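**Q** Can you read through this structure? Questions will come right after.
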There are 2 protein chains.
Amino acid sequence: MSAPSASRFSMNQWTTKRWSVAEAVDGCVRHGVEAIGLWRQDVAAQGLDETVKLVREAGLRVSSLCRGGFLTSGSPGSIDDNRRAIDEAAALEAACLVMVVGGLPGVEPGEPLGSGGRAVDRDLAGARERVAEALAVLAPYAAERGVRLALEALHPMYCADRAVLSTLGQALDLAEPYPAGQVGVVVDTFHVWWDPQVFEQIARAGDRIASYQVCDFLHPLPADVLMGRGVMGDGVIDFTPLTEAVTAAGYTGDIEVEIFNTEVWAADPDEVLSRVKARFGELIAR
Amino acid sequence: MSAPSASRFSMNQWTTKRWSVAEAVDGCVRHGVEAIGLWRQDVAAQGLDETVKLVREAGLRVSSLCRGGFLTSGSPGSIDDNRRAIDEAAALEAACLVMVVGGLPGVEPGEPLGSGGRAVDRDLAGARERVAEALAVLAPYAAERGVRLALEALHPMYCADRAVLSTLGQALDLAEPYPAGQVGVVVDTFHVWWDPQVFEQIARAGDRIASYQVCDFLHPLPADVLMGRGVMGDGVIDFTPLTEAVTAAGYTGDIEVEIFNTEVWAADPDEVLSRVKARFGELIAR
């Protein structure tokens, strides 16, 4: 099977987290990168209209907008915020809006249980039902605006605080009632590499794959497990079978490198971009 | 459905890690605990014959011996060591020998990749195949000695360094070629609570459930994720549906409380045993 072309490399903006949108767009142009994954808070800081102008003038594809989601509380505010995220994805002509569905209500990343007087709701099945209910509201809204939602299963170690959506199979079950072009899924190597069913579920996903994100799983994990994402080759993941499976499933879109890592974030962004492009060439686009 | 009887409480010895086998046996007797889960290294320190004598005189059931496994290297030494573990489980008349199957070859818990000059073998599928091959050697040996092997799926965050067996479904697939009395599975709340298929797989497990271990999943996880096991009620797990599912599947054996936690280990073991017994009464044996 032929490996993906290097031109499908997309830089997720948080890989070079210190860069503003304008700096990241400029960095992509200087490094010959054709696609970028953007984050809402950085787009807001740059201004949505200005961001649209910057990426268009640079000729960049927007491979994803990160992120909508956080649907488990069932609050109307969450739905409203997701509608805004969908509008932004439409303006940016992003290939998809990544949805991180949220954890158990009352459980906040990095904060002890019960802090701020919050009650913890341990009803995991209930939280998962609320995700399906919110999706039923948001999917038609997104479809009307030509935005594809991309459900992202997160590693099970984030189930309590970030995403009750824990496997690719579960994401596909959730997406099933909708057309593939309306609700897709993210395959992120960090989140799925361990899953005994991953190859079967990637094949099942087929044209539901809306985004393929790559980074390594570091060992040992750092104290803040969110920062366990490493440059490809620095961790324990064998990328070849996963990339071959995603290719065999028919995915031809951009491949985003998304790395949360305190050392990478502290390094010079130009050096980081050079390094991840080189590793992409060695391990993904061989 | 009736909740389990409080008499099914078993203290896994590492919940009171500072206690020797003799001290732990004495603690169980003083606290009215009828069953204990033992660890091989502590049994060796006490002496196997002496341990057998202590548990018999105390009238304790040995709910499990922890642990065999570490089969992914494919080394003959690993097979030999597992045969010894089986012999020890037979002498102790343990209800099962818990098998933690091992991670990727060359990946050591807590140590950076490549330390000690070790090469990392990222072939996860290959490692999983070697587990199945080793099981084919060990299962008949265990059966001849009347020992039940109990395959333990570990949380996916331990896939690289401790167990390439990551879900209950995968454990059941691995056990399937063998009679249920010969190769069973462990259901450990910490490892499986997040799994969208857990209830379906517990029902599927039926009489393959060889051990039910309970402890909570702490949030946030501590810097060493191995220490993320908390006293029931201190974390994010809803124990009732899991215990009901295990009961509905027909499990009538002991229920082990197994907690790895630096604060629990620093506390007075008598206080810890009182506390976990009380929580067991509130959250498991209601």
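The values are calculated or read from the model by the stated rules, or taken from the named source; none is laboratory data. Since the model is a prediction, treat every value here as computed from it, not as a measurement. Cβ atoms come from the backbone with ideal geometry, glycine included; neighbour counts cover every protein chain shown. All accessible areas refer to the heavy atoms of the entire protein, side chains included, with ligands and DNA or RNA removed. Shrake-Rupley method; radii C 1.70, N 1.55, O 1.52, S 1.80 Å.
**Q** Run the 1.4 Å probe and let me know the accessible area of B:E263, rounded to the nearest 10 Å².
**A** Its heavy atoms expose roughly 150 Å² to the probe.
**Q** Hey, got the dipole for segment B:37-238? About the Cα centre, +1 on K and R Cβ, -1 on D and E Cβ, debye to the nearest 20?
**A** 240 debye
**Q** Got the relative contact order for segment B:37-238 handy, in percent, Cα pairs under 8 Å and 6 or more residues apart?
**A** With pairs under 8 Å counted, the relative contact order is 16 percent.
**Q** Per DSSP H run of at least 4 residues, take -39500 (n - 2.57); add these up for the protein assembly as shown, divide by its residues and hand me the 222 nm value, nearest 500 deg cm²/dmol.
**A** -12000 deg cm²/dmol
**Q** Hey, another quick one. What accessible area per residue, rounded to a whole number of Å², is obtained for the protein assembly as shown using a probe radius of 1.4 Å?
**A** 36 Å²
**Q** Comparing B:G146, B:G102, B:G47, which has the greatest mean-square fluctuation in the GNM of chain B with Cα pairs linked when under 10 Å apart?
**A** Maximum fluctuation in the GNM of chain B, among the listed residues, is at B:G47.
**Q** Which residues of segment A:214-245 end up with at least 50 Å² less accessible area in the presence of all protein chains than when their chain stands alone, using a 1.4 Å probe?
**A** A:H219, A:V236
**Q** A further question on this structure: Any chance you could look up the accessible area of B:D49 with a 1.4 Å probe, heavy atoms only, rounded to 10 Å²?
**A** Probe radius 1.4 Å; accessible area of B:D49 about 130 Å².
**Q** Still on this model: Taking both sides together, what accessible area is buried at the B/A interface, probe 1.4 Å, expressed in Å² and rounded to the nearest 100?
**A** 2700 Å²
**Q** While we're looking at this one, here's another question. From zero outward in steps of 5 Å, how is the percent of C-alpha pairs of chain A spread across the bins?
**A** Over chain A, the share of Cα pairs per 5 Å bin runs 1, 6, 13, 17, 19, 19, 15, 8, 3, 1, 0 percent.
**Q** Please report the Cα spread of segment B:157-286 along all three principal axes, rounded to whole Å, starting with the longest.
**A** 44, 35, 25
**Q** Quick one: accessible surface of B:S73, probe radius 1.4 Å, all protein chains present, in square angstrom to the nearest 10.
**A** So the heavy atoms of B:S73 present about 70 Å² to solvent.
**Q** To continue, here is another question. Can you tell me which lysines have their Cα less than 25 Å from the Cα of A:K17? Leave out same-chain residues fewer than eight positions away.
**A** Correct list for A:K17: A:K53, A:K277.
**Q** Pop out the carbon and sulfur fraction of the accessible area of the protein assembly as shown as a percent, whole number, probe 1.4 Å.
**A** 50 percent
**Q** Same structure again: Averaged over all directions, how much area does the convex hull of the C-alpha atoms of segment B:12-64 cover when projected, in nm²?
**A** 3.0 nm²
**Q** Any idea how far apart A:A278 and B:T262 come out in nm if each label point goes 7 Å out from Cα toward Cβ?
**A** Simple spin-label model gives 3.6 nm for this pair.
**Q** Just to be sure I understand the model, the point goes 7 Å from the Cα along the line to the Cβ. What's the resulting B:E111 to B:L48 distance in nm?
**A** Calculated label separation equals 2.7 nm.
**Q** For A:E108, A:E57, B:E282, give me the order by solvent-accessible area with a 1.4 Å probe, most accessible first, ignoring ligands, DNA and RNA.
**A** A:E57, B:E282, A:E108
**Q** Now for a different question. So which residue, out of A:G77, A:G59, A:G116, gets the largest mean-square fluctuation from a GNM of chain A using Cα contacts under 10 Å as springs?
**A** Comparing A:G77, A:G59, A:G116 in the GNM, the peak value goes to A:G116.
**Q** Here's something else I'd like to know. Return the distance in nm (one decimal) between the two label points of a simple spin-label model at B:S5 and A:D26, each offset 7 Å from Cα along Cα→Cβ.
**A** 7.5 nm
**Q** Quick one: ranking A:E258, B:E244, A:E129, B:E144 by accessible area, 1.4 Å probe, largest first, what do you get?
**A** Order by accessible area, largest first: B:E144, A:E129, B:E244, A:E258.
**Q** Just by accessible area at a 1.4 angstrom probe, what is the order of A:F70, A:F260 from largest to smallest?
**A** A:F70, A:F260
**Q** Taking the DSSP beta bridges in segment A:37-238 as the whole, what percent of them are antiparallel, to the nearest 5?
**A** Rounded to the nearest five, the antiparallel share is 10 percent.
**Q** Test of understanding: express the Cα radius of gyration of the protein assembly as shown as a ratio to 2.2 N^0.38 Å, with N the residue count.
**A** Cα-based Rg divided by the globular estimate yields 1.01.
**Q** Net charge near A:M99: determine it from the other residues with C-beta under 11 Å of the C-beta of A:M99, scoring Lys and Arg +1 and Asp and Glu -1.
**A** Net of charged neighbours comes to +1.
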